[in-house]
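Trainee: Have a look at this one.
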Amino acid sequence: MIATTRVQARLPIICTTAAIAASALGAGIWMFRDDLAEILEPSAEPHYYLWAWRRAEDLSFIDPARVKVALWTGTIFVGDDDFHVEHRLNPITYPTQAEIVGVVRLEATGVPDDGIVAPLADAIIAASRPFRPVEHQVDFDARLSQRDFYRRLLDALRVRTGEAKLSITALASWCFYDDWVRALPVDAVVPMIYRMGPEGDAIRHTLYTEREFPAPVCAGNIGYSADEPLAPVDGLRRVFLFHPKPWTEHSFRAMIEKVENLP
């Protein structure tokens with residue numbers, strides 16, 4: 001059985017359970033999972049999180065015992081004193097047992113007013129609520145001038161997440177020489193080791209030699225992209241994987257093998 005999320009209206013709807021239509025497809029999924037068993041032991045670490053971004057995705061092939069879904073649920077465009085939410089309208093399929101991380105992207109050009117913090121926090125939670133996430137994740141490349149606002153927003157989110165965890169994505173530099181994330185009220189910071197610009201090679205070189213992030217809050221988490229070089233980090237518990245195209249069984253397996261074979 002797989003859960004199928006088909007978002008067709010203006011607002012997302014909760015997943016419904018559907019039977020696998022073709023027995024051949026079902027057999028193929030389980031053969032693939034059996035084939036991956038040599039690589040992915042359910043009780044081992046790290047756990048993998050597939051970022052399912054703004055497009056249709058079929059992740060019915062994943063084994064939810066070891067692989068989670070980091071689901072983009074919306075982008076919020078933030079102005080000085082208002083904001084606009086674009087909800088997920090893209091269909092996605094994943095196993096019913098899969099744990100969901102609800103990921104909301106923020107886009108802000110200026111420094112929002114304090115009065116926007118509370119309603120914005122409510123909107124972030126609301127965007128992911130239909131998918132019943134076990135974790136809320138904010139994806140925001142906050143500039144230096146926006147950091148105080150971001151801290152206040154995360155404080156507001158912290159009291160709204162309930163039993164769910166709260167995490168953020170991070171520019172890789174935030175976990176090195178610019179570790180302002182150290183005191184943020186989050187459970188985890190996920191440094192993205194891709195799209196790093198001119199400093200990318202230096203950061204990868206540092207990770208090859210040091211094999212860790214100086215900022216403790218970044219320890220155990222990392223984000224890789226299928227189209228850029230990886231870098232080894234010791235003690236990883238959670239690996240977030242991005243792909244510029246829709247995930248397939250083949251691309252998933254190839255990415256897992258690259259991570260597992262890092263020196």
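The values are calculated or read from the model by the stated rules, or taken from the named source; none is laboratory data. Not measured: the values here are computed from a predicted model. Here the Cβ positions follow ideal geometry from the backbone for every residue, glycine too, while neighbour counts run over all protein chains shown.
Trainee: Which residue, of Val111, Val186, is outside any strand (DSSP E or B) and either of a type in the set (Ser, Thr, Tyr) or within 24 Å of Val233 (Cα to Cα) (or both)?
Mentor: Going through Val111, Val186 in turn, the sole match is Val186.
Trainee: Is it fair to say Ala98 is under 22 Å from Val186 (Cα atoms), buried (at least 19 other Cβ atoms within 10 Å of the Cβ), in contact with a strand residue (DSSP E or B) (Cβ under 8 Å, 6 or more places away or on another chain) and modelled with pLDDT of 95 or more?
Mentor: In short, no.
Trainee: Take Arg160 and tell me if it is of a type in the set (Lys, Arg), assigned to a loop (DSSP other than H, G, I, E, B) and at pLDDT 90 or above.
Mentor: In short, yes.
Trainee: Follow-up question, since we're still on this one. Collect the residues in the range 174-193 that are in contact (Cβ under 8 Å) with a residue 40 or more places away in the chain and surrounded by fewer than 18 Cβ atoms within 10 Å (Cβ to Cβ), keeping them in residue-number order.
Mentor: Selection gives Asp187 alone.
Trainee: Within the range 170-211, which residues are over 20 Å from the mean Cα position of the chain (by Cα), of a type in the set (D, E, K, R) and at pLDDT 90 or above?
Mentor: Asp201, Arg204, Glu210, Arg211, listed by residue number.
Trainee: Within the bounds of the range 199-210, is there any residue that is among the hydroxyl-bearing types (Ser, Thr, Tyr) and in a loop (DSSP other than H, G, I, E, B)?
Mentor: No; the residues of the range 199-210 include none that is among the hydroxyl-bearing types (Ser, Thr, Tyr) and in a loop (DSSP other than H, G, I, E, B).
Trainee: More than 16 Å from the chain's Cα centre (by Cα), among the charged types (D, E, K, R) and either within 22 Å of Arg182 (Cα to Cα) or assigned to a strand (DSSP E or B) (or both): is that true of Asp148 in this structure?
Mentor: yes
Trainee: Can you tell me which residue within the range 228-242, out of those that are assigned to a loop (DSSP other than H, G, I, E, B) and in contact (Cβ under 8 Å) with a residue 60 or more places away in the chain, is surrounded by the most Cβ atoms within 10 Å (Cβ to Cβ)?
Mentor: It comes out as Leu236.
Trainee: In a loop (DSSP other than H, G, I, E, B), at pLDDT 95 or above, touching a strand residue (DSSP E or B) at 6+ places or on another chain (Cβ under 7 Å) and under 22 Å from Ala164 (Cβ atoms): does that describe Ala70?
Mentor: Spelling it out, it is not the case that Ala70 is in a loop (DSSP other than H, G, I, E, B), at pLDDT 95 or above, touching a strand residue (DSSP E or B) at 6+ places or on another chain (Cβ under 7 Å) and under 22 Å from Ala164 (Cβ atoms).
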